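Let me begin by presenting the structure, written as structure tokens, before commenting on it.
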Amino acid sequence: MRALAGVVVALAWPQWGGPNRDFKSTATGLATSWPAGGPRQAWSRSLGEGYSGIVEDGGVLYTMYRPPKGVLTTLWEKVTSTPAATPEAVIALDAATGSTRWEHVYDAPWPGGMSMEYGPGPHSTPLVAGDLVYAIGVTGRLHALNKTTGAVAWAHDLYREFGGMVQGRGYSCSPIAWRTTLVCSVGGRPGQALMAFDLKTGAVAWKAYDFEPSPSSPVLISVDGQEQLVFFHTKGAAGVDPAGRAVYWDHPHATDYGLNIALPVWGGGNRLFLSSAYSGGSRMLRLRQAGGKTTVEELWFTNKLRLHIGNALWLGDRVYASSGDFGPSFVTALDAGTGAVAWQDRGFARATLLWADGKVILLDEDGVLGLATPGPTGLQVHGKASVLTNKAWTAPTLVGTRLFVRDRASVKAFDLG
């Protein structure tokens, strides 16, 4: 336990999706309603482009961005005398005030083959493990930085060093830690769909598998006691050995352009939920493992929920997510047992979801923040307010009762207690 601006903080948010990568928090003490203007704003500050999520450790926030033109020269002069047109930055912010602790700026020009009409990135969310913060930029630049000072401990260029696959909208996989290694997608060459690096030294621990990487990120699960990494690749989902030694299973989930983006969700009864837009739809798998062999049973499939760039929440016997490609994206509740649609709520635009203290926190792409309880026939909304003005595709971060949100221009903190 520690204090953050008078708020008791019980749990950090060290990676994409929170402590367990499932967008759930054990925080308590959230208000049951908000005033008309929304929750109290603790602070606000400007920040450049990017959809990178915000992680927290020890009262410090970490994220990534592309510096706006007005501060480009000042930032770049701190690290080099050579002008740069396309820098990228990893930044550490004081969680109590939003002030800058440090930032690491580096040149990151887009390689050929990248089309960035939805924003210049970065897309990936940093990871905090031990004394280091790990961040991968939109051009595949991987840095391990001292979380206190920002000093570089080690670095790799996934594209130039390893011939990694350049994806059309840029690199977006958020890395995951397993034991003493950092695991992320690379691709581009045979046998390196995933690569693992030693957390302390950056040495290549292993590279393996021949799947084509999608924009999604790996998730760690336990199937009847066996640890597996679920890798949502361009043609489906696979369960692999986190040590890079074997493929345990591979199940098809085809979608247009190979754009499987959202994180798979691991739930009760050894079940795995997959969903994507672009004609992908949603399916539920049941995994069983015995003697090192995993069997996969598809329980159901539906195209009534097509999760695009957000995330899904699995709560009890229902799965919740915004469904849709580029048109309206209604918050949809699916029966986890059958795949049947329980209800759809049209009160929010395409939204990301977070679960804490018996409530769902929603942030839609128009910058509307909501607090709600999912019920049998829809959302019971307890509070709703417009808090951001630019495209808000980044999922919020909750630490204690302090909520951190960002869009493509700013970061804000709100007190939900």
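Structure summary
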read-out: In order through the range 357-373: 3J(HN,Hα) via Karplus (6.51 cos²θ - 1.76 cosθ + 1.60), integer Hz, x for Gly, Pro; value: 6, x, 9, 9, 9, 10, 10, 9, 5, 8, x, 8, 9, x, 10, 8, 10
read-out: Accessible-area composition of the chain, carbon plus sulfur, in percent [1.4 Å probe]; value: 51
read-out: Enclosed volume per residue, in Å³, of the convex hull spanned by Cα atoms of the range 220-283; value: 77
read-out: Magnitude of the charge dipole, the chain, Cβ model with Lys/Arg +1 and Asp/Glu -1, debye to 20; value: 300
read-out: Where N is the number of residues in the range 157-269, Cα Rg divided by 2.2 N^0.38 Å; value: 1.00
read-out: Size of the chain as Cα extents on the principal axes (Å, biggest first); value: 60, 56, 41
read-out: Restricting the range 92-181 to trypsin sites (Lys or Arg not before Pro) in coil, as DSSP defines it, with at most 15 other Cβ within 10 Å; value: ARG160, ARG179
read-out: The range 262-417 - charge dipole about Cα centre, Lys and Arg +1 at Cβ, Asp and Glu -1, debye rounded to 20; value: 240
read-out: At 0.692 mPa s and 37 °C, Stokes D of the range 177-232 from Kirkwood alpha-carbon radius, µm² per second; value: 278
read-out: Once exposed loop GluC sites (Glu not before Pro) are cut out (DSSP; at most 14 other Cβ, 10 Å), longest piece of the chain; value: 162-417
read-out: Kirkwood hydrodynamic radius of the range 261-417, from inverse mean 1/r over distinct Cα pairs, in Å; value: 16.2
read-out: Cα centroid separation, the range 7-67 to the range 279-323 (Å); value: 27
read-out: Cα centroid separation, the range 144-193 to the range 336-396 (Å); value: 32
read-out: Among VAL133, TRP154, VAL223 the positive-end extreme of the charge dipole of the chain (Cβ point charges); value: VAL133
read-out: Top positive-direction residue, dipole computed over the chain with Cβ charges, set ALA95, ALA177, VAL55; value: ALA95
read-out: 1.4 Å probe accessible area per residue over the chain, in Å²; value: 37
read-out: Percent RCO, i.e. relative contact order, over the chain, from Cα pairs under 8 Å lying at least 6 residues apart; value: 15
read-out: Cα-centre dipole for the range 195-283 with unit charges at Cβ (Lys and Arg positive, Asp and Glu negative), debye to 20; value: 100
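The values are calculated or read from the model by the stated rules, or taken from the named source; none is laboratory data. Remember, predicted model here, so these are calculated numbers, not experimental data. Counting neighbours? That spans all protein chains shown, and the Cβs are built from the backbone with ideal geometry, glycine included. When the accessible area is computed, the model is the full protein with side chains, heavy atoms only, and any ligands, DNA or RNA have been set aside. Shrake-Rupley method; radii C 1.70, N 1.55, O 1.52, S 1.80 Å.
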